[in-house]
Every structure is written in structure tokens, then in C-alpha cells.
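Working notes, beginning with the structure itself.
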Amino acid sequence: MRVLMTGGYGCIGSWVAKQLIDRGEEVWIFDLKEDTHRLDLLLDADQKARVHFLQGDVSNPTQVLKAVEGMGATHLLHLAGLQTPTCRANPILGAQVNVIGTLAIFETAVALKDQVKRVVYASSAAVHGPPEPGTSGSIADEVRLAPLTHYGAYKVCNELNARVYWLDQGITSVGLRPWTVYGVGRDFGMTSEPTKAIKAVAAGRPYQISYGGYQDLQYVGDVAGTFLRALSEPFEGADAFNVRGNVVPIETFVSTLREVAPESADLVTHGDRQLPIAPDLDDARLDTRLGPLPRTDLKDGIAETYRRFRALKDQGRLDLSDLG
């Protein structure tokens, strides 16, 4: 399996790279520029030498095709995308990267059908809006999708286009819908605040999580492992799946952080605004198709993240610029 990643310098991509390298694989990352600051948190120099940079713009189909053909990729992992705040501020740019970029990946898979075996791409829990009034229980994959953001709407568009590429061209694809991913390297986006709270505690600084309510907290190592499972497990067709972690109120996250690091009691506070995405998503279909999936207990995930941040602090390498 030769994997080309877009968005490979992001948080999830860096953890996927780490897990691929731990398996003895090489890694190719296609991006506008080489930015290894998240990889530097996870890999040593010898490991980084097995990460190969290919420069290009994901929204340029010609550049994508040249890169994939040139390195002989058999599997495409498409993680590139602009986050909710950027898509809100500049919807046209958001569509160019998040929609046109995804189409460029699928067009490359069509052009190199004998070479490329599968496309796996990042969708998002943002394809779901808030729960319908009066409903209860976990929300399944196949409900009506009603996002409240441009970002979520672009992800719905990508899921629908992926289905058409299967129907028209036979391109196999898997879309995964992460929710609040947390862990070392998560430093941007609407749901990065729990990670920033852990980092702030490791640095001895106060932090206010701006929202409250329920969150589905997913340890980044598990999410990366799920993407790798989607790349490697037998699968045919085109489908998109919810990803589920620990569905808890923010109060539970804060109290669990306090168990791991008691000093956080005087440092971490939170708001009460529920984010406009259904927090309780059912991942039974994903577990049936690709499971068993990696699942880290909330306390263990927080503890591992805190340990890594403390180690970076002790090494003088803890970047606090994302804390403001």
C-alpha cells in the first residue's frame, strides 16, 4: 500500500503519518508548502526522513494527477480542507479547497483507475445539524443531513459526489465523520478548545472553553487508526460513516482533566453554549464494516495528551501561540 495524503501536515494527518511509519511504511504528503511543526511533536529525525513532501495545490487537478501518478500511489487519503471559521469568513475559498479539491482527488482516481485502489476522505460530524426537537438517542449515519455551516454543507457535497463517482466510475471510497478530535497537534478549528485546555494546564496557564453542552471527544490516535482501517480493510462501494468517541458534557471533560491534573481546578472554566451539531452519533455501521475500531477511554486519552504536553514543556518545545 503506497499512500499519498493531502492535509498530511494537519493534526490527524500527522498522527496517520506516525502510525504508517510505526508499521514500516513510507509517507507521501501533497501540500502547498512543507510545514512539519506538528510532525515534529511526534517523530524523531530518522522517522521524519521517511516522510516525503510533494508540492502542489489540491484544488488544481493537473497538479494532483501528476503527484499521484509520479509516486505510484495505490491509496489516496484526502484530509486537506479549510476549517469552519475560514469557510464562514470566505465561502468561495472554502468551496475551492473543500469541494473542488475533493473533486480533483476523485478525478485523479478515475484517470488512474488501474493504479488507485481506493479513496478515503475526511467528512465531518458537521454534516449533521442539531438534533430535531423532541428526538432522543443516537443519530444514525443515514438520516437527513442538515448542516448549519458552509463547512458542513461542503462535506455533504463531497459525500454525494463520492457516491456518484462510485455509480458512474466504480471508484471505491470511504468518508469518515470525526467530531471533537483532541490530542497533541490539535491547535486550530472550532473544536480544538478541549486540547488547548489540556495544553494550558500543562503550561500552568488559565483557559476558558468558550462553549458547553455535550461533545463527542475522540482521541486523535484512535481517529488516525480508524482512517488507516478505512484504507486497508476489504471494502467496495462508496459510503460515509459517523465516528464515535466519548459522548459527555463539557463538565465531565473538565472533571476528568482535574483527575489527571488536579491543578486544572483553578485554571479551566467553560461556557454553556451547545455547538450546533448533534453530539450523539451512532457508529454501529462503521464498526460492523471496518471494526473493531480503536477506542481510548476519555481519562486515558486526556492523561496521554497531558503527558506529551508536559514532556514538550520540559524540553522547551511547547508552543503556546495557539492559546492567544
Hey, any hits in region 292-307 for a residue that's within 30 Å of Asn161 (Cα to Cα), modelled with pLDDT under 95 and out of contact with any helix residue (DSSP H, G or I) (no Cβ under 8 Å at 6 or more places or on another chain)? yes
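So which helices (runs of 4 or more DSSP H) stay within region 211-307 end to end and still have 1 or more residues that are surrounded by 15 or more Cβ atoms within 10 Å (Cβ to Cβ) and in contact with a Pro (Cβ under 8 Å, 6 or more places away or on another chain)?
Values: elements: 220-232, 250-260, 284-290.
Once the helices (runs of 4 or more DSSP H) in region 211-307 are filtered for at least 1 residues that are surrounded by 15 or more Cβ atoms within 10 Å (Cβ to Cβ) and in contact with a Pro (Cβ under 8 Å, 6 or more places away or on another chain), what remains is 220-232, 250-260.
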Could you go through region 118-128 and let me know if any residue there is buried (at least 17 other Cβ atoms within 10 Å of the Cβ), at pLDDT below 95 and among the β-branched types (Val, Ile, Thr). no
Taking only pairs six or more apart or across chains, which ones have beta-carbon atoms under 7 Å, a first residue in region 115-126 that is basic (Lys, Arg), and a second residue that is surrounded by fewer than 24 Cβ atoms within 10 Å (Cβ to Cβ)? Lys117/Thr74; Lys117/His75; Arg118/His75; Arg118/Thr172; Arg118/Leu231
Taking region 38-50, which residues are more than 9 Å from Ser14 (Cβ to Cβ), assigned to a loop (DSSP other than H, G, I, E, B) and touching a residue at least 24 places away in the same chain (Cβ under 8 Å)? Arg50
When region 249-297 is examined, which residues are found to be within 30 Å of Glu233 (Cα to Cα) and aliphatic (A, V, I, L, M)? Ile277, Ala278, Leu281, Ala284, Leu286, Leu290, Leu293
Among (1) in a helix (DSSP H, G or I); (2) surrounded by 23 or more Cβ atoms within 10 Å (Cβ to Cβ), the one test that Val110 misses: (2)
Given the conditions (1) more than 27 Å from Leu43 (Cβ to Cβ); (2) assigned to a helix (DSSP H, G or I); (3) without any contact (Cβ under 8 Å) to a residue 60 or more places away in the chain, and given that Pro194 satisfies all but one, which numbered condition is not satisfied? (1)
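Every residue, every condition in (1) more than 30 Å from Ala311 (Cα to Cα); (2) touching a strand residue (DSSP E or B) at 6+ places or on another chain (Cβ under 9 Å); (3) among the hydrophobic types (A, V, I, L, M, F, W, C), yes or no:
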| site | (1), (2), (3) |
| --- | --- |
| Ala126 | yes, yes, yes |
| Ser136 | yes, no, no |
| Ala153 | yes, no, yes |
| Asn161 | yes, no, no |
| Val164 | yes, yes, yes |
| Gln169 | yes, no, no |
| Val174 | yes, yes, yes |
| Val184 | no, no, yes |
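When you scan region 47-61, do you find a residue that is farther than 19 Å from Asp222 by Cα, within 16 Å of the chain's Cα centre (by Cα), surrounded by fewer than 20 Cβ atoms within 10 Å (Cβ to Cβ) and of a type in the set (S, T, N, Q), even just one?
So the first thing to find is which residues in region 47-61 are farther than 19 Å from Asp222 by Cα, and the list is 47-61.
Now restrict to residues that are within 16 Å of the chain's Cα centre (by Cα): none.
Checked region 47-61: no residue is farther than 19 Å from Asp222 by Cα, within 16 Å of the chain's Cα centre (by Cα), surrounded by fewer than 20 Cβ atoms within 10 Å (Cβ to Cβ) and of a type in the set (S, T, N, Q).
Hey, any hits in region 113-121 for a residue that's of a type in the set (S, T, N, Q) and farther than 30 Å from Gly213 by Cβ? Show your work before the answer.
Here is the first cut: in region 113-121, the ones of a type in the set (S, T, N, Q) are 115.
Remaining after also requiring farther than 30 Å from Gly213 by Cβ: 115.
The answer is yes, given that some residue of region 113-121 is of a type in the set (S, T, N, Q) and farther than 30 Å from Gly213 by Cβ.
The values are calculated or read from the model by the stated rules, or taken from the named source; none is laboratory data. Since the model is a prediction, treat every value here as computed from it, not as a measurement. Here the Cβ is made from the backbone with ideal geometry for all residues, glycine too, and neighbour counts use every protein chain on show.
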